[in-house]
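Engineer: Quick one: structure below, then a few questions.
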Amino acid sequence: MQGKYDYWFSYHQHTSISNGLGYWEVMTKFEDYIDYAIKHHIPAVTSSEHGNVIMWIKRKELAEEANLKYVHSTEAYVTMNLDDKNRGYHTVLIAKNYDGVKEINRLSSASFNRKDGHFYYRPRILFDDLKETVSHGNIYVTTACLAGALSQTYKSIEEASVCKQWIKLASDYKDNVFLEVQPHIDKEQKDYNEFLTQVASAHGLKLIAANDVHALNPEHDRLRKIIKKGKKNSYDDDDKFELWCKTREEMVDIFREQGVLTEQEINDALDLTVEIANQVEEFELDKSHKYPHLYKNPEKEFQNRIKQGLKDRGILDLPKEQRQKYFDRVKYEYSVYKGNGAIDYMLSHEDILNAAKEHGIKFGYGRGSVSGSLIAYLCGQTEMDSVKLGLNFERFMNPQRISLADIDEDLYRPDQQWIQKWMLTNPKWHAASIMTANTYGLKAAIKVIADGMDRYAGKPAYIQSIRNQIGDDGFIPEQLYEEHQQLIDDAKKVVGVIDSFGRHAAGIVIDTNAIDDSMGIQTISGWDYPVTQVAMKEIDHFSWVKYDLLGLDNVGLISKTAELAGIPYPTPDSNFIDFEDENVWKSMREDNIGVFQMEGERAGKLLKDMLSPETMEKIKSNEAGKNVKYMDLLSLVNAAQRPSGASYVDAVTHGVFKDNGHLALNEFLAPTLGELVYQEQLIQFLVQFTGRTPGEADVLRRAVGKKQKDVIDREVPIIRQDFIKTMIEKYHDAPEHAESIANDFMQVFMDAANYGFSINHSMAYSYIGYISTWLRYYYPLEWCTAAFQIWEGKQEKLNRVVKFAKSKGISLKPFKFGKSKSNYYMDKQNKSIYEGTASIKGVSTKAGDELYLISDKRNKKFTDLLMDIYDNSQVVIKNILYSPKALYNKFNESELKEIDLIVKNESDKVKVQEPQGFAITSKDMINLILLNYFSEFGSPRKLKLVYEKFHKTYKPKNKRFVGKSRKYHECLEYEESLCDEDYPLITTLQNEYRLLGRCLTTNSEIPANYAFITSLVIRSNKVIVGLYSIKHGREVKGFISKKSFKLNSISEGDLITVERTSMRPKNILKDGHWQKSKTDKELWIDSLVRKG
């Protein structure tokens, strides 16, 4: 018997998107199912992901690009009650139309709510909500697999009512709810199918066929099982099913083999899948700009803010002619903002910045092309006066290019989360962080496959040694491939497969319309706020508005230095800064630490060359370079160090001007020494030399840069002729000469269009670099303190700060009681910086600050300090205030007994004030003691004993003073009795490395060959060892053989003597083979002795 169709539609199938919720089981991608559908002439495609609709817009676009109908679906987890502690019944939902799409998205969004009970291990939909949604008639529902509601309840007496509710749902909506039968050769599946056929017959319901596809084919199924094995993920018996794509003929054959359904039932169940796909209505998505609408009269609000900005920025105080330039620019920009519909965006963006500024948060001076907008400057969205600085507005926005407005902001990373959380909880709009999909690269794929292969499983070091031999560019040495061919071939097939989901660190999407249905939202572990179910490209393509707030250390460095120095937050407008200060530029040339985007070794060399007296003399002696400013040159170096600057970097950093054949061109390009470097220069060239409007020029620049052949073929010859015409008519050049320079300059134009950098962006970052250097020069102590705080944990940078500090006579001191706070703290009087306690593992963030406050007490005994921490209540006797320790030292035991009686019987005569609570824990104290923080009171070993004695015997909450006095004096006597003996050297070093990740102790008397092992990395044929030299106080990396490693039984935290070393050629990868380097050497430890 034949069905109506020669194919069937697989609506219940999964891609690697289903892996993202924490249970890994699929390696197939949506594109694989598209290819399958095309090959088998199936006109529609879907994927019903486990518990989500993630990346559904991308899937819709991919399907439609392949001329297939996209069917929106999900395999949801449904719970009868939010209080039930179950993971939900599997249920497939299919959208019949766009209303159904939004309803499924809304249900999916609600299922991720971790606060009201929806999310319990998995995102769960409430049955009553599903029932309500089905009643609208916009979705189809199937009862899914053996993990579905009917399968899980039909044999259970306790769950009989649940089973009845699901059958009633299907009976009430027979054209929308179907009973899913699957063809697996399995007793449980056969029993369930028999039950479903009985229910269908009894209630007049329809059966629908599915195969619960988890793989494209048997090969994908093999690979997914390998990965599942390595991850130890499995359902009972699920891997014995053939969960891959099957043709209609194959489905019919397996159903027949199963022997439950009749021929009629098999074909009807398969035909129904096609009929559902046919009934699904196609829909178009709205691609219009989705700016948030916050104000009833946005134009009036925008105008008022611009007027206020003109006043606040001092524009109204400028001379009339100069003032008019600003007014003209404002008028033009306003017309563009209005014409592009971007006013609402500018208002919402400013509102976000204002909220942050009210909280004390500082921002960078400008990021990207927005620095070219005067209105953005007037409204406080940048600190770049584009009129004064000659920056280009059309690079950001123009009437010929109506694109979505997009302004990125830089701020200190710890401030980033505050403003993100404010945005995500603001009731004026709907907001979510933007999701990211974490996919396997080649090295990660090798690990995940190897973990599931018997040859490699349980051998992490072996697997890592294979991965280490693969280049960052994916290059695989031939010898490695031959040895591990199966592993590498399998791994290549897994590249790009999704493993998990995260969130974009900076991106937030905002809409004043709901987003739970239009895109879908989710939640992820470790983030208590909504995250989109669509990725960045989907958001961009359909013009949702996103706000990128990026963490930038250098903003924090400037802000904290200014705060420590007691000066206002410096900006390019600051009148207390001389931006042509020769001393500051000389300082930048000498040391590039803290010069944003110029801190690398190569960048430092370029700065030295560019800012050298010889280069500056060349530039200033050239007629075109007389007015070039230092900031222009810093921006130029920033551009030149990039790949696009390879052709001119050497010339410009040595002050060599390029002669473009005419004075007008040379003057035009003077800030870049005759080179066409910036995108904005391309725009201005087209305006000044070919008569284009700025908007037309930007559109042309973009088209040429994107290598749009039709535009290049049509426009470039016209540009050339207009250029020649301008040179002749405006600059009085001879026609022959104009023709000659046009040929050369048009090639320069084409090259620059392909690789040009943005001066709007570069100039703002140059100001960050200069202002940091200015602060470093005039406030070195404050700058170094801020740098230590900002770059905590970034050892390479901290080492450079230490070197700079020493060059300025600033000493860095280890954390010390009475000197240190939680963060690095400067002692201005002694020109010193003390390390903070926050960097110590296991020490709470507030401990250092609280101990600093207590240090004013000037205790001579450690016991007295402990009293100030743990029993700092106040006792008032005859209007005299006593601390407990003062009380115990003034009154004898009999007097204290009398005081206890008075407190008990006449509480009005002796008043006990509650103690001040400190957040200093026992763990804080022990760790600080072990690091010699309290050195003024004695050695770590002694103080640890005193602390343990005090903590065990003295109970601050005891009511009787006499008893506490005895314990107090007992602790004092114990402290006096102890000698000041310290721990052995190895214990001290182990404590330091465990708590700090580095060693501090040095001893010039110890032999140079004594070393402490900080790390061991075991490779297949050698061991990489980290060694701390106790004599010299620095750490080095060396290698030992596996044989020596095993023979000496060394471990991290051991003390050794290095008896013999050698320098051996380093193994390098060349032309696919490992070989000995002729120049690079490695330190090998040939002989050692373990001391402990």
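Engineer: If you split all Cα-Cα distances of segment 385-435 into 10 Å bins from zero, what percentages do you get per bin, shortest first?
Structural biologist: 18, 32, 29, 20
Engineer: Computed over the Cα atoms, what is the radius of gyration of segment 575-774 divided by 2.2 N^0.38 Å, N being its residue count?
Structural biologist: 1.07
Engineer: Using θ = phi - 60° and the Karplus curve 6.51 cos²θ - 1.76 cosθ + 1.60, what whole-Hz ³J(HN,Hα) does each residue of segment 47-52 get, with Gly and Pro shown as x?
Structural biologist: Result, ordered by residue: 8, 9, 6, 5, x, 7 Hz.
Engineer: Mind scanning Lys831/Lys861; Lys831/Lys860; Lys459/Lys841; Lys60/Lys493; Lys821/Lys897 and naming the pairs with a C-alpha gap bigger than 32 Å?
Structural biologist: With Cα atoms farther than 32 Å apart: Lys821/Lys897.
Engineer: List, in the order given, every pair from Lys228/Lys447; Lys878/Lys911; Lys155/Lys190; Lys39/Lys69; Lys421/Lys797 whose Cα-Cα distance in the structure shown is over 21 Å.
Structural biologist: Pairs exceeding 21 Å: Lys421/Lys797.
Engineer: Distance from the Cα centre of segment 875-904 to that of segment 725-790, in angstrom?
Structural biologist: For segment 875-904 versus segment 725-790, the Cα centre distance is 76 Å.
Engineer: Moving on to the next point. Which entry in (1) 125, 80, 59; (2) 102, 99, 73; (3) 91, 72, 61 matches Cα extents along the principal axes in Å derived from the coordinates of this structure?
Structural biologist: After the calculation, the listed value that fits is (2).
Engineer: So how far, in whole Å, is the C-alpha centre of segment 85-137 from the one of segment 175-219?
Structural biologist: 22 Å
Engineer: Contour minus end-to-end for Gln485 and Val912, with contour as 0.36 nm per residue of separation and end-to-end as the Cα-Cα distance?
Structural biologist: Gain on stretching Gln485 to Val912: 145.9 nm.
Engineer: At what distance in nm do the modelled label points of Glu739 and Lys1078 sit from each other, each positioned 7 Å from its Cα along Cα→Cβ?
Structural biologist: In this crude label model, Glu739 to Lys1078 measures out at 5.3 nm.
Engineer: Moving on. Say each of Thr987 and Ser922 gets a label point 7 Å from the Cα, pointing the same way as Cα to Cβ; how far apart are those two points in nm?
Structural biologist: 1.9 nm
Engineer: What order do you get for Trp56, Trp24 when you list them from fewest to most C-beta neighbours inside 10 Å?
Structural biologist: Lowest to highest Cβ neighbour count: Trp24, Trp56.
Engineer: Something else now. Given R₀ = 22 Å, what would the calculated FRET efficiency be for Lys706 paired with Ala66, taking r from the Cβ atoms and rounding to 0.05?
Structural biologist: Working from the Cβ atoms, E equals 0.35.
Engineer: Give me, ordered by chain and number, the residues 5 or more places off Tyr89 or on other chains with an amide H under 5 Å from its own placed amide H.
Structural biologist: Here the answer is Val78, Thr79, since their amide H atoms fall under 5 Å of that of Tyr89.
Engineer: Segment 418-494: Rg/Rh from Cα coordinates, Kirkwood Rh?
Structural biologist: 1.31
Engineer: Based on DSSP H runs of at least 4 residues, each adding -39500 (n - 2.57), what is the mean residue ellipticity at 222 nm of the chain after dividing by all its residues, to the nearest 500 deg cm²/dmol?
Structural biologist: Result for the chain, helices only: -14000 deg cm²/dmol.
Engineer: Under the classification rounded if a/c is under 1.5, otherwise prolate if a/b is larger than b/c and oblate if not, where does segment 645-688 fall, given a ≥ b ≥ c as square roots of the Cα gyration tensor eigenvalues?
Structural biologist: The shape class here is oblate.
Engineer: Compute the Rg/Rh shape ratio of segment 286-402: radius of gyration over Kirkwood radius, all on alpha-carbon atoms.
Structural biologist: In segment 286-402, Rg relative to Rh is 0.95.
Engineer: Over the Cα atoms of segment 16-279, how large are the radius of gyration and the largest Cα-Cα distance (Dmax), in Å?
Structural biologist: 17.4, 50
Engineer: Using a Förster distance of 41 angstrom, determine the FRET efficiency expected from the C-beta separation of Lys725 and Asp286, and round it to 0.05.
Structural biologist: After rounding, the FRET efficiency stands at 0.35.
Engineer: Ok, one more. I'd like to know which of Ile986, Thr953, Gly625 lies farthest towards the positive end of the charge dipole of the chain, counting +1 on Cβ of Lys and Arg and -1 on Cβ of Asp and Glu.
Structural biologist: Checked the options; the winner is Thr953.
Engineer: Computed FRET efficiency, Cβ-Cβ of His1032 and Glu893, R0 51 Å: what is it to the nearest 0.05?
Structural biologist: After rounding to 0.05, the efficiency reads 0.35.
Engineer: Whole angstrom only: what separates the Cα centroid of segment 407-434 from the Cα centroid of segment 605-638?
Structural biologist: Distance between centres, Cα-based: 40 Å.
All of the numbers you see were taken from the coordinates with simple rules; none came from a lab. Computed from a prediction, not measured in an experiment: that's the story for all the values here. In this analysis, Cβ positions are derived from the backbone assuming ideal geometry, glycine residues included, and neighbour counts consider all displayed protein chains.
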